[in-house]
Amino acid sequence: MFHFTLEATDGKARAGSFRTPHGVIQTPIFAPVGTQATVKSLTPAQLKELSVNLVLSNTYHLYLRPGDQLVSDAGGLHTFMNWRRPILTDSGGFQVFSLNEIRKVDEDGVIFKSHIDGSMHRFTPEKSVAIQENLGADIIMAFDECADPNKREYIASAMERTHRWLERCIKAKKREDQALFGIVQGGVDPHLREVSAKFVASLDLPGYAIGGLSVGETKAEMNEILDIVPDFLPENKPRYLMGVGSPEDLINGILRGIDIFDCVLPTRLARHGAAMSFSGRINLTNAVHARDWNPIVDGCTCYACRNFSRAYIRHLLMAKEMLAGTLISIHNIHTLEEIVRQSRQAIFEKRFSQFAIDFLQNYHSRITAE
RNA sequence: GGACGGUUACCCAAGUGGCCAACGGGGUCUGACUGUAAAUCAGAUAGCAGAAGCUUUCGGAGGUUCGAAUCCUUCACCGUCCA
């Protein structure tokens, strides 16, 4: 179980497969986010149609509502949400960061205020693991502290605490049918990142994640960190870049040896009216599309593009109809799945570097042209 | 025919002598969104000007005043009531 097979490499880029209790996932892979045990606006059937093979769900949210015990009583997250393919749960660590207005961190864990009813709760590494064991995802994440990249003096202590918490997570873990991934922190400081990567890699884990990126730093800073961290991670284990998912970031990540991505971007942008493509972002609410009878992307094979015009989807957006979010989510996820699929193929064919260069050139030239 | 009430920017709607190019909604336009407190948020919305600023607005016309969307006269239209 949880065996990672490296099937091909091209430069630093890798193609592999990872065995989980709910099936084998082929990497590079993109996982859409289903925070509340649902990928917003999409049914599991639609996700399967999109060839989605991994979804991320969230410990913090499901603990607060409906409660991890209820999910456990339902037979686990897979049964509860009727998603029979692999699931990854985030540990709640990111919420410590993103809900920082209402938190208090100490060595033991973090006290936070529920965004739902204001009640106080406490997460510790042990608690996070226990909740994730109740939820029952295939891959569970260590409870980490994701620090603001701009608070440099704080990053080192947050990183060290994340390391101590990782050891506690490993100790607390009981279930054998879940893979616990450790998380590398260290902000945008290359030295701290190296320290963190070496430490996390020193522990024998089924996979390794890079956290604390795409949280406000520049693309250049993110790429600089991605240039060094994978070098310190074992080759024969999957590497997961947390929270990253714009088309260009996927390419840049794969180029640097990342295997797994997750992101809310395709579904959030969809609900807000923006479509992804190989040549940049398209804001479908723009007036120029009012009478545009073309699909979102010419030649795209997704359900939305095969069946509907930009004009129709814009109308749905203007009328605030739910179907708009569904159709654009389908398109956006299709686009990202297509990027990782084509990347994987290019890696096997040893032409990924050129694929990446072409992709990025096309992507950026189209953006600046518009 | 008479008596009141009303007419404000794309729509609704505040404002009753200077702080009004005019509160607030809606609509529209543009932008943002990366381990989802996000079907959310931000800005713009008379015209011209990147800004300072200038020009034209509050049903029409005329008047009072240093100064009017706000006061007066009159006309038009809408509403309610009376004959």
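The values are calculated or read from the model by the stated rules, or taken from the named source; none is laboratory data. Owing to the predicted nature of the structure, the values given are computational and were not obtained by experimental measurement. Here the Cβ positions follow ideal geometry from the backbone for every residue, glycine too, while neighbour counts run over all protein chains shown. Please note that ligands, DNA and RNA were not included when accessible areas were found on the heavy atoms of the full protein model with its side chains. Shrake-Rupley method; radii C 1.70, N 1.55, O 1.52, S 1.80 Å.
Tabulated values for the structure
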| item | result |
| --- | --- |
| Over chain A: helical MRE at 222 nm, DSSP H runs n ≥ 4 each giving -39500 (n - 2.57), nearest 500 | -13000 deg cm²/dmol |
| Largest-first principal axis extents, alpha carbons of chain A, Å | 58, 46, 40 |
| Accessible area (Å², per residue) of chain A, counting only protein heavy atoms and a probe of 1.4 Å | 42 Å² |
| Region A:134-176 - charge dipole about Cα centre, Lys and Arg +1 at Cβ, Asp and Glu -1, debye rounded to 20 | 200 debye |
| Within region A:154-221, GluC sites (Glu not before Pro) in DSSP loop having at most 10 other beta-carbon neighbours inside 10 Å | A:E176 |
| 11 Å cut-off, amide nitrogen to a point 7 angstrom out along A:Q342 Cα→Cβ, residues in region A:1-21 | none |
| R0 of 30 Å, Cβ-Cβ distance A:T43-A:L6: FRET efficiency to nearest 0.05 | 0.35 |
| Degrees between helix A:322-348 axis and first principal axis of chain A (Cα, 0 to 90, nearest 10) | 80 degrees |
| Cα-derived Rg to Rh of region A:247-323, Kirkwood definition | 1.03 |
| Calculated P(r) tail over 21 Å for region A:207-277, as whole % of Cα pairs | 25 percent |
| Share of carbon and sulfur in the accessible heavy-atom surface of region A:276-326 [1.4 Å probe, %] | 53 percent |
| Restraint check, A:K104/A:K127; A:K219/A:K320; A:K48/A:K113; A:K12/A:K48; A:K127/A:K198; A:K237/A:K350, Cα-Cα greater than 24 Å | A:K219/A:K320; A:K48/A:K113; A:K12/A:K48; A:K127/A:K198 |
| With all protein chains modelled, accessible area of A:M120 [1.4 Å, Å²] | 120 Å² |
